[in-house]
Amino acid sequence: MSTPLNTRRSGVMWLQSRIQEVHPLVFVSKLYSGDESSTGKSAWRFEFPQAVASDRAFDHVHLLCAKDGAASDFYHLRVPTSYLQEQCTALDVRRDTGKFTLILSAENSQRFVDQRSEGSVRFDSFLQ
């Protein structure tokens, strides 16, 4: 299975080959099995600063979800920062770091729904 650093590198290269630009707000997650995930089900985990939601320099962030353990293919979510702002109070924020923590379900019935947020914030509409 890929290490997080290799997964990130693979994801950034994968994205650059598709959108032909370098974007600084790219967050990549390996696919965590049910045994590895805090939810007990397969999921992707993202953590990024709250400031991303209010950064007016960018209108979106890229969330890349590895489709399997090899991390050679990804689901691409292009999430508007305005959506993060709208959902800010529903999203989970770590007390020790002040960062958003998303646990997106990889299960078919709940794919791309945050499992940590209040009200289960959905990200499926941002799939590219």
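Once Lys and Arg get +1 and Asp and Glu get -1 on their Cβ, which of LEU102, THR39, VAL28 lies farthest toward the positive end of the dipole of the range 4-126?
VAL28
For n ≥ 4 DSSP H runs only, could you compute -39500 (n - 2.57) per run for the chain, divide by its residues and tell me the 222 nm figure to the nearest 500?
On the way: 3 runs with 26 residues, N = 128.
When only DSSP H runs of four or more count, the value is -5500 deg cm²/dmol.
With each label point set 7 Å from Cα along the Cα-Cβ vector, what nm distance links SER120 and GLN85?
With each label placed 7 Å out from Cα toward Cβ, I get 2.8 nm.
Using +1 on the beta carbon of Lys and Arg, -1 on that of Asp and Glu, and nothing else charged, what's the dipole of the chain about the Cα centre, debye to 20? Intermediate results must be reported in sequence, preceding the final value.
On the way: 15 positive and 15 negative charges, 38 e Å.
Computed about the Cα centre, the dipole is about 180 debye.
What is the gain in length, in nm to one decimal, between ASP96 and HIS60 on full extension, counting 0.36 nm per residue of separation less the C-alpha to C-alpha distance?
Details: separation 36, 0.36 × 36 = 12.96 nm, distance 2.53 nm.
Contour length minus Cα-Cα distance gives 10.4 nm.
Report the label-to-label distance for ARG78 and SER109 in nanometres (one decimal), using points 7 Å from each Cα along the Cα→Cβ vector.
3.2 nm
Can you give me the C-alpha center-to-center distance between the range 1-63 and the range 99-128, rounded to a whole angstrom?
The distance from the Cα centre of the range 1-63 to that of the range 99-128 comes to 13 Å.
Pop out the ³J(HN,Hα) list for the range 67-81 in order, Karplus 6.51 cos²θ - 1.76 cosθ + 1.60 with θ = phi - 60°, rounded to Hz; leave Gly and Pro as x.
With the stated coefficients, the range 67-81 comes to 6, 7, x, 6, 6, 10, 9, 9, 7, 10, 10, 9, 9, x, 5 Hz.
None of the figures in this text is laboratory data; all of them are computed from the coordinates on show. Everything numeric in this text was worked out from a predicted model, so none of it was measured. All Cβ positions, glycine included, derive from the backbone under ideal geometry; neighbour counts span all protein chains shown.
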